[in-house]
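Take a look at the structure set out below.
The values are calculated or read from the model by the stated rules, or taken from the named source; none is laboratory data. What you are looking at is a predicted structure, and each value in this text was computed from that prediction instead of being measured. All Cβ positions, even for glycine, are placed from backbone atoms using ideal geometry, and neighbour counts span all protein chains on display. Only protein heavy atoms, including side chains, enter the accessible area calculation; ligands, DNA and RNA are left aside. Shrake-Rupley method; radii C 1.70, N 1.55, O 1.52, S 1.80 Å.
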Amino acid sequence: MKLDALKGYSSTQHVISEFSEAFTEMVFLSLTRRDATLIYSDDFDTSFKTVLNLVEADNGLAANYVASISSKLPSLISMLEADAKSIYNNDPAAESLNEVLLAYPGFFAIAHYRIANLLYNEGIKIIPRLITEYAHSKTGIDIHPAATIGSEFFIDHGTGIVIGATTVIGNRVKIYQGVTLGALSVSKSMSARKRHPTIEDDVVIYAGSTILGGSTVIGHNSTIGGNVWLVKSVPPYSKVYHESKVVVKSQSVNF
């Protein structure tokens, strides 16, 4: 981090956060408007280099990052369009694609994750965390930028979702609010290990479920019911439910 660039500011964290949020909003606006020309503008270039210079790199590296990332933005936009269409096609409450783009917290979190993941895979570490934490603060959806997530990802409602750093999610996966894809235990010595589960293609995970462990694999085309606690793998085409007992009695009955 180039601390000299921060002289004159009262809070280093505040300055970096403001730049990162402005940068993220510029990229997100470009995506939602489907207007890639905005993110190739001088404003984008200047904003991006400013953030990189503050947090991660010198001027030469920043220029390299901009060139590499700009070349990958068209595929990023295509990926996000597939995410938005998946949400629209799977949510009966969605009345238009524009509604998904502008009003859905799930799409907001996915879009910010995909931007952050692109930067993370370029070797940038701090800015991606700032971007996903910005989305976390707005939506309650916590996706680590290092997670691997396939196409047509669908988050419905979203609040309370946690997706850990080494999680691998396949294509066309649907996740509802309150789902945790986490680690069985937390230790600094485990930082290089796969600690979070693998979710294969076409899996649906309903609200409140918790799936833990780096060796846990949810086989493709499986359905995980609400409030399930899973720490072991299940084969493809499984249906997993939490069996709870609900008792209904008349209020006229004496307890």
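General observations
- Hey, S189 buried (at least 16 other Cβ atoms within 10 Å of the Cβ) and of a type in the set (S, T, Y) or not: no
- Filtered residue count, the range 131-165, keeping only those that are assigned to a helix (DSSP H, G or I), of a type outside the set (S, T, Y) and within 24 Å of P74 (Cβ to Cβ): 2
- Selection from the range 75-88 of residues that are in contact (Cβ under 8 Å) with a residue 24 or more places away in the chain and open to solvent by less than 70 Å² (accessible area, probe 1.4 Å): L76, I77, M79, L80, E81, A82, D83, S86, I87
Table: residues versus (1) out of contact with any Phe, Trp or Tyr (no Cβ under 9 Å at 6 or more places or on another chain); (2) at pLDDT below 85.
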residue: V27; (1), (2): no, yes
residue: Y40; (1), (2): yes, yes
residue: T50; (1), (2): no, yes
residue: A103; (1), (2): yes, no
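- Only one of T210, T223 that is touching a Leu at 6+ places or on another chain (Cβ under 8 Å) and not aliphatic (A, V, I, L, M): T210
- Members of the range 216-226 found to be over 21 Å from the mean Cα position of the chain (by Cα) and open to solvent by 50 Å² or more (accessible area, probe 1.4 Å), listed by number: N221
- Qualifying residues in the range 166-177 (those that are open to solvent by 30 Å² or more (accessible area, probe 1.4 Å) and assigned to a loop (DSSP other than H, G, I, E, B)) - the one farthest from N90 (Cα to Cα): T166
- Qualifying positions in the range 102-145 - open to solvent by 10 Å² or more (accessible area, probe 1.4 Å) and touching a Leu at 6+ places or on another chain (Cβ under 8 Å): R114, L118
- A207 vs. criteria part of a loop (DSSP other than H, G, I, E, B) and open to solvent by 90 Å² or more (accessible area, probe 1.4 Å): no
- Yes/no for D91 being over 16 Å from A116 (Cα atoms), at pLDDT 70 or above, open to solvent by 10 Å² or more (accessible area, probe 1.4 Å) and assigned by the TED database to the domain that holds R114: yes
- The residue that is farthest from I175 (Cα to Cα), among those in the range 95-122 that are in a helix (DSSP H, G or I) and small (G, A, S), is A116.
- Residue list for the range 228-244, filter: surrounded by 15 or more Cβ atoms within 10 Å (Cβ to Cβ), in a loop (DSSP other than H, G, I, E, B) and not hydroxyl-bearing (S, T, Y): V228
- Summed over the range 180-204, residues that are free of Cβ contacts under 8 Å to residues at least 24 places away in the same chain and either of a type in the set (D, E, K, R) or not in a loop (DSSP other than H, G, I, E, B) (or both) total 3.
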